[in-house]
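S.K.: Following this message is one structure expressed as structure tokens.
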Amino acid sequence: MKKDITYIDNVDLNLDIDFTKKRKLDNRTLENIAKEVRKIVLKATTRAKSGHPGGSLSATDLLTYLYFEFLKHNPQNPKWALRDRFVLSKGHAAPALYAILALCKYFPVTDLNTLRQIGSHLQGHPDMNKTPGIDMTTGSLGHGIGAGVGMALGLRLSYNVDAPKVVVLLGDGEAQEGSVWEAFNTAAHYNLSNFCVILDNNNLQIDGRVDEIMNIYPMMERLKTFGFNTIEIDGHNFDQVRYALSLFDMVSNFEKYSLEEQKRVLNILEKHNFKPYRPTFILAKTIKGKGVSFMENEVKYHGKPLTEEDLKRALGELK
Amino acid sequence: MLKTSLREAYAKALIELGEKDKDIVVLDADLSSSTQTAKFKARFPERFFNIGIAETTMVNVAAGLATTGKKPFVSTFAMFGTGRAWEALRQSVCYPNLPVKLVCTHGGITVGEDGATHQACEDLAITRALPNMTVIVPCDDIETEEVIKKIYKLKTPVYVRLTREKFPRVFGKDGLLKELFNIDYDYSFEIGKAYKLKEGKDINLITCGLTTSQALLAAKELEEEGISASVIHLPTIKPINKESLLKALDPSKIILTIEEHSIIGGLGDAVLHALSDQDFKIYKHGIKDEFTISGKAWELVKYFKLDKDGIKEKVKKILKK
């Protein structure tokens, strides 16, 4: 195996985290993890000479928070029935998800050296049968969110108020697909309080700006009228991400609380116009290429990896 | 001739399965009274999900349900379930190889009056092209019930094509086999198996769905005219058990496939593919490469020469008699 600048060495975060339990990390730790993820994403895509670094970097902080602090999951038992589910509906951000799963120890970090190559378990887009930790096969936009709705329905049917949660990460360009709106409809219709969609809103798609190619806004108002709880945050600010997901957590667990607790929680929810028995929509404002100065808000890095020279510069910034 | 509803047999089997397995869930897209899944809803309302007129999402939701251990049956008209939702079927069901059972009614021209927009004549072609997919076309109510109960155990995707129109019963003591040929056929469904229903020396008719009963009727009359046709019922379009098919074929070396589907990509092409290394002369009969038309179901069957007279005409032409 070629050990050049693109080579991804084993990284041990030296964290002892029980991902099956409720937990809280400090923001500094999350930032360090996200930095490692970014380095891996850039090396892996440059090494593969293909892949989607821009959208991977915009989703990195969200994914880091979800896997390291929010979702209950189990790297020792990826198919654990009571795990929370995650669907990367914008499947092209796979390199970021793979990096995170590797850092959670679902598989060796060095596997990222094989990204997109023949024989690798790391396909161009997520494959639930090849990669441990992937809950749903995605890649063709507009389908993952519907599968997420089905997961939330199925889990609720099996576990009632104890149903695990389902989080879907949706691309903003992806919101142009009609099936996304069918899925929004369905989630609201079935009052899926254990279902949360996070919009990775970097406002860039392959051909340009989302609002110029085919406008999707105003997303907050649209989702509100669809019957979702909605909140807008900075998708790179861990405090804001944590807060938004804590609201979703309260909605999702609402039926488990005592009457006393429900009253307390309702007070918090009301401040944000959140209601129980509803799905949650988090509009996360993000920056495509986030973390590398010359990649930020540059549409050309949607589906184009860095040259080795640019990779060197980028890694310098991520030290 | 007893005509039976495949849709009703489907609903009956679903409810039976629903009784014994609480993981059975059913999804429909606003056609539950037509597909008959409304009967399942009436019995198990909490396990029935109407997704509205949103077939793509219905299939995606079914895939999600399957990942949580549920056993989803998905129903709508064949046109929309396989056509509109095809990409969801490919990306979310077949690629991840999830146990979603797509059971569509209103396949083929026997949809009748609604016309070409609703007559799915390509559904077998487009589902058969999907890796991991099994494709089955039952011919009567008895077979439909057997098929549903058997595929329910499969951990992979299946497409079953049913119809709006009632079809003559083929199997059982009041079926066509008994009525026409006094045959007590010992039938049980197996995936891939070819069923030789009637022996014959001059030509092998291979059929599925509607055309099985029509071929039996044709074979009976041909017999009286001195032509001996075998009838081989091949309900599984994919995967075909080649050995079973070769065993079922009579030695005439002439095959005519007959299907209520386009001649592109359906039963005929599946047989051609299975027997491509064999020494047979294979003719295909079905809907030509054209869009179909409105009309009463059985008038259309006659119009497209899929009834016994149309089949007889085709056989005589091939045998130059």
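S.K.: Before anything else, pin down the relative contact order of the range B:3-167: Cα pairs under 8 Å, at least 6 apart, normalised by residue count, whole percent. The partial results should precede the final answer.
M.R.: Numbers: 345 pairs, mean separation 46.1, N = 165.
The normalised contact order for the range B:3-167 reaches 28 percent.
S.K.: Pairwise over distinct Cα atoms, reciprocal of the mean inverse distance: report the Kirkwood radius of the range B:3-167 in Å, one decimal place. Mind dumping the intermediate values first?
M.R.: Working: mean 1/r = 0.0660 Å⁻¹.
So the Kirkwood estimate lands at 15.1 Å.
S.K.: If you don't mind, there's one more thing I want to ask. By a straight-distance test (C-alpha under 16 Å), which lysines pair with A:LYS49 as possible cross-link partners, with residues fewer than eight away in the same chain excluded?
M.R.: In chain and number order, the partners are A:LYS2, A:LYS3, A:LYS39, A:LYS300, A:LYS304, A:LYS312.
S.K.: Can you work out the FRET efficiency for the pair B:PHE291 and B:THR156, with r the C-beta to C-beta distance and R0 = 35 Å, to the nearest 0.05? List each step's numbers first, then the result.
M.R.: Values: r = 32 Å, r/R0 = 0.92.
Calculated transfer efficiency: 0.60.
S.K.: What does the net charge come to around A:LYS300 if you take all other residues with beta carbon closer than 14 Å to its beta carbon, with K and R at +1 and D and E at -1? Don't skip to the end; give the middle numbers.
M.R.: Details: positive: A:ARG209, A:LYS288, A:LYS304; negative: A:ASP207, A:GLU296, A:GLU298, A:ASP310.
The answer is -1.
S.K.: Something else about it: On each of the three principal axes of the Cα atoms of the range A:171-315, give max minus min coordinate, whole Å, ordered largest first.
M.R.: 60, 33, 19
S.K.: Determine the shape class of the range B:168-320: with a ≥ b ≥ c the square roots of the Cα gyration tensor eigenvalues, call it rounded for a/c under 1.5, and otherwise prolate if a/b is greater than b/c, oblate otherwise. Can you show the working numbers first?
M.R.: Values: a/c = 1.24, a/b = 1.05, b/c = 1.18.
It comes out rounded by the Cα gyration axes.
S.K.: Could you tell me which helices of chain A pass both thresholds, a Cα extent of 15 Å or more along their own axis and a mean Kyte-Doolittle hydropathy of at least 1.0, with helices taken as whole DSSP H runs?
M.R.: Numbers: long enough: A:27-48 (31 Å, -0.50); A:53-65 (18 Å, 0.23); A:144-159 (22 Å, 1.06); A:178-189 (17 Å, -0.05); A:238-253 (22 Å, 0.24); A:259-271 (19 Å, -0.75).
Once both thresholds are applied, what remains is A:144-159.
S.K.: Then there is this: Per the helix-only calculation at 222 nm, which mean residue ellipticity applies to chain B, given -39500 (n - 2.57) for every DSSP H run of n ≥ 4 and division by its residues, nearest 500 deg cm²/dmol?
M.R.: Working: 12 runs with 110 residues, N = 321.
About -9500 deg cm²/dmol.
S.K.: Can I ask one more? Considering only DSSP beta bridges with both partners in chain B, what is the antiparallel share in %, to the nearest 5? It would help to have the intermediate numbers written out before the result.
M.R.: Values: 7 of 41 bridges.
Bridges in chain B are about 15 percent antiparallel.
S.K.: Right, another one. Can you give the accessible area of B:LYS22, probe radius 1.4 Å, in Å² rounded to 10?
M.R.: My reading of the accessible area for B:LYS22 is about 150 Å².
S.K.: Let me ask something additional. Separation of the range A:226-266 and the range B:227-272 by C-alpha centroid, Å?
M.R.: Centre-to-centre (Cα) distance: 59 Å.
S.K.: Quick one: accessible area per residue over the range A:47-183, 1.4 Å probe, rounded to a whole number of Å²?
M.R.: Numbers: 3510 Å² over 137 residues.
Solvent-accessible surface per residue comes out at 26 Å².
S.K.: Need one number: buried accessible surface between chains B and A, 1.4 Å probe, both sides summed, DNA, RNA and ligands left out, in Å² to 100.
M.R.: Approximately 2000 Å², summed over both chains.
S.K.: Further question: Please work out the Cα center distance from the range A:144-169 to the range B:100-164, rounded to the nearest Å.
M.R.: If you average the Cα positions of each part, the centres end up 28 Å apart.
S.K.: To the nearest whole percent, what portion of all C-alpha pairs in the range A:275-315 is separated by more than 12 angstrom? If you can, show how the numbers build up before the last one.
M.R.: On the way: 555 of 820 pairs.
The share of Cα pairs beyond 12 Å in the range A:275-315 comes to 68 percent.
S.K.: Among A:THR45, A:THR286, A:THR110, which one shows the biggest mean-square fluctuation in a GNM of chain A, springs joining Cα atoms closer than 10 Å?
M.R.: The residue with the greatest mean-square fluctuation here is A:THR110.
S.K.: If you don't mind, there's one more thing I want to ask. Take every DSSP beta bridge whose two residues both sit in the protein assembly as shown, then give the antiparallel share in percent to the nearest 5.
M.R.: Values: 9 of 65 bridges.
Rounded to the nearest five, the antiparallel share is 15 percent.
S.K.: Could you work out the equivalent-ellipsoid semi-axes for chain B, taking the square root of 5 times each eigenvalue of the Cα gyration tensor, largest first, in whole Å? All intermediate terms of the calculation are to be shown ahead of the outcome.
M.R.: On the way: eigenvalues 207, 72, 71 Å².
Ellipsoid half-lengths, sorted descending, are 32, 19, 19 Å.
S.K.: How crowded by other chains is A:123-130, given as the mean number of beta carbons from other chains within 10 Å of each beta carbon? Intermediate results must be reported in sequence, preceding the final value.
M.R.: On the way: counts 0, 0, 2, 1, 2, 5, 4, 1.
Mean shielding by partner chains, rounded to a whole number: 2.
S.K.: Taking all protein chains together and a probe of 1.4 Å, list A:TRP181, B:TRP86 from the most accessible to the least accessible.
M.R.: Listed by decreasing accessible area, they come as B:TRP86, A:TRP181.
S.K.: Can you say what percent of the DSSP beta bridges in chain A, counting only those with both residues inside, are antiparallel? Round to 5.
M.R.: Working: 2 of 24 bridges.
Counting only bridges with both partners in chain A, antiparallel ones make up about 10 percent.
S.K.: Separation between the A:ASN273 and A:LYS72 pseudo-spin-labels, each 7 Å from Cα along Cα→Cβ, expressed in nm?
M.R.: 3.2
S.K.: OK, next. Using mean Cβ contacts within 10 Å as the protection proxy, how do B:48-57, A:73-82, B:156-165 order, highest first? Spell out each step's value before the answer.
M.R.: Working: B:48-57: 23.2, A:73-82: 14.7, B:156-165: 25.7.
Listed from highest to lowest mean packing, they are B:156-165, B:48-57, A:73-82.
S.K.: How many partner chain Cβ atoms sit within 10 Å of a residue's Cβ in peptide A:134-146, on average, as a whole number? Present the calculation step by step, with values, prior to reporting the outcome.
M.R.: On the way: counts 1, 3, 7, 10, 4, 2, 6, 1, 6, 12, 5, 4, 13.
That works out to 6 on average.
S.K.: While we're here: Report, as a whole number in µm² per second, the diffusion coefficient that Stokes-Einstein gives for chain A at 25 °C and 0.890 mPa s using the Kirkwood radius over alpha carbon pairs. All intermediate terms of the calculation are to be shown ahead of the outcome.
M.R.: Working: Rh = 19.6 Å.
Using the Kirkwood radius from Cα pairs, D works out to 125 µm²/s.
S.K.: Which residue fluctuates most in the GNM of chain A (Cα springs below 10 Å): A:ASP61, A:ASP234, A:ASP26?
M.R.: A:ASP26
S.K.: While we're on this one: May I ask you to derive the FRET efficiency for A:PHE294 and B:GLU19 from their Cβ-Cβ distance with R0 = 60 Å, giving the value to the nearest 0.05?
M.R.: On the way: r = 63 Å, r/R0 = 1.06.
Taking R0 as 60 Å, the efficiency between A:PHE294 and B:GLU19 is 0.40.
S.K.: Still on this structure, please answer the following. Length gain on complete extension for the stretch B:ASN182 to B:GLN278, per 0.36 nm per residue less the alpha carbon to alpha carbon distance? Don't jump to the answer; show the numbers that get you there.
M.R.: On the way: separation 96, 0.36 × 96 = 34.56 nm, distance 3.25 nm.
In short, 31.3 nm is gained.
S.K.: Leaving ligands, DNA and RNA out of it, work out the accessible area of A:PHE238 with a 1.4 Å probe and give it in Å² to the nearest 10.
M.R.: Ignoring ligands and nucleic acids, A:PHE238 comes out at about 10 Å².
S.K.: If you don't mind, another one. Which of A:THR131, A:THR225, A:THR307 moves the most in a Gaussian network model of chain A with Cα springs under 10 Å?
M.R.: Checking each option, the largest mean-square fluctuation is seen for A:THR225.
S.K.: Give me Rg/Rg_expected for the protein assembly as shown, where Rg uses Cα atoms only and Rg_expected = 2.2 N^0.38 Å with N residues. Spell out each step's value before the answer.
M.R.: On the way: Rg = 28.0 Å, N = 640, 2.2 N^0.38 = 25.6 Å.
Here the answer is 1.09, to two decimals.
S.K.: Let me ask you something else. Using a 1.4 Å probe over the heavy atoms of the protein chains, calculate the carbon and sulfur portion of the accessible area of the range B:3-167 as a whole percent. Before the final figure, lay out the partial values.
M.R.: Details: 2540 of 5030 Å².
Of all accessible area on the range B:3-167, carbon and sulfur atoms account for 51 percent.
S.K.: OK, next. Between the chain alone and the structure with every protein chain in place, find the residues of the range B:56-73 that drop at least 40 Å² of accessible area; heavy atoms, 1.4 Å probe.
M.R.: B:THR57, B:ASN60, B:VAL61, B:THR67, B:THR68, B:LYS70
The values are calculated or read from the model by the stated rules, or taken from the named source; none is laboratory data. Just so you know, these numbers come straight off a predicted model, no measurement behind them. Virtual Cβ from ideal backbone geometry, glycine too; neighbours counted across all protein chains shown. When the accessible area is computed, the model is the full protein with side chains, heavy atoms only, and any ligands, DNA or RNA have been set aside. Shrake-Rupley method; radii C 1.70, N 1.55, O 1.52, S 1.80 Å.
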